[in-house]
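What follows is one structure encoded as structure tokens, with my remarks underneath.
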Amino acid sequence: ANTLAALNIVRGDYALNSSATRAHAAVLLVRLAGAEQAAARETVTTRSPYYAAPAYARSSIAYAAAQGWITSLTAQSYRPDEPVTADAWCAMLLRMLGYSDKAGDFTTSGAAVFAQRIGLLSQPLSGELTRGQLFQSMRDALTFSYKDGSATVAERLVERGAASQATVSA
């Protein structure tokens, strides 16, 4: 959590043992991608399916959905206040990294196992995640390369101006 806080991805109380919600996951995924400013430009109107989400997460959910990182979204299907599962989180993370369940890279029901098999995760994840588990998987992802090999997640944060090279190096 401290590493992620230094990169301005995690803010406030860590609450490591608290349940991680789907809203938390969307916000943290967008920050991990270095896209928080781009997400802030997302317009979420009262007619949007994301309007029912907590205000702090609406633009991140809309942005992640627009990028294809979160799929099958409606106001009823995303359920932002519910706990995020390991497979749901890993599917989002893998899509952000350029992997595709639609192209057959992984299955959504086996996303956590696939993520560990390719070295994205340092430890197995299953069931509902705590915030600490979510943070650890994000920390693991920092040194992982995007599928196309263009950069690691940390390098992409620097490229997008979301973190300085000095902070990433430290």
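The values are calculated or read from the model by the stated rules, or taken from the named source; none is laboratory data. All figures in this text were calculated on a predicted structure; none of them were measured in a lab. Neighbour counts run over all protein chains shown; Cβ positions are idealised from the backbone, glycine included. Heavy atoms of the whole protein, side chains included, go into the accessibility calculation; ligands, DNA and RNA do not. Shrake-Rupley method; radii C 1.70, N 1.55, O 1.52, S 1.80 Å.
Values as computed for the structure displayed
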item: Options ARG160, ARG156, ARG131, ARG139: the member that is under 15 Å from the mean Cα position of the chain (by Cα) and open to solvent by 80 Å² or more (accessible area, probe 1.4 Å); result: ARG139
item: Of all residues making up the stretch 114-144, the number that are in contact (Cβ under 8 Å) with a residue 40 or more places away in the chain and not in a helix (DSSP H, G or I); result: 7
item: SER59 without any contact (Cβ under 8 Å) to a residue 40 or more places away in the chain, open to solvent by less than 50 Å² (accessible area, probe 1.4 Å), within 28 Å of VAL168 (Cα to Cα) and not in a helix (DSSP H, G or I); result: no
item: Condition met for ARG95 (within 15 Å of the chain's Cα centre (by Cα), charged (D, E, K, R) and closer than 21 Å to ALA35 by Cβ); result: yes
item: Test result for PHE106, among the hydrophobic types (A, V, I, L, M, F, W, C), assigned to a helix (DSSP H, G or I) and either surrounded by 15 or more Cβ atoms within 10 Å (Cβ to Cβ) or modelled with pLDDT under 95 (or both); result: no
item: Candidates GLN67, GLN76, filtered to the one that is open to solvent by 60 Å² or more (accessible area, probe 1.4 Å) and modelled with pLDDT of 90 or more; result: GLN67
item: Out of ARG11, ARG22, ARG41, ARG31, sole residue that is closer than 21 Å to ALA162 by Cα and surrounded by 21 or more Cβ atoms within 10 Å (Cβ to Cβ); result: ARG31
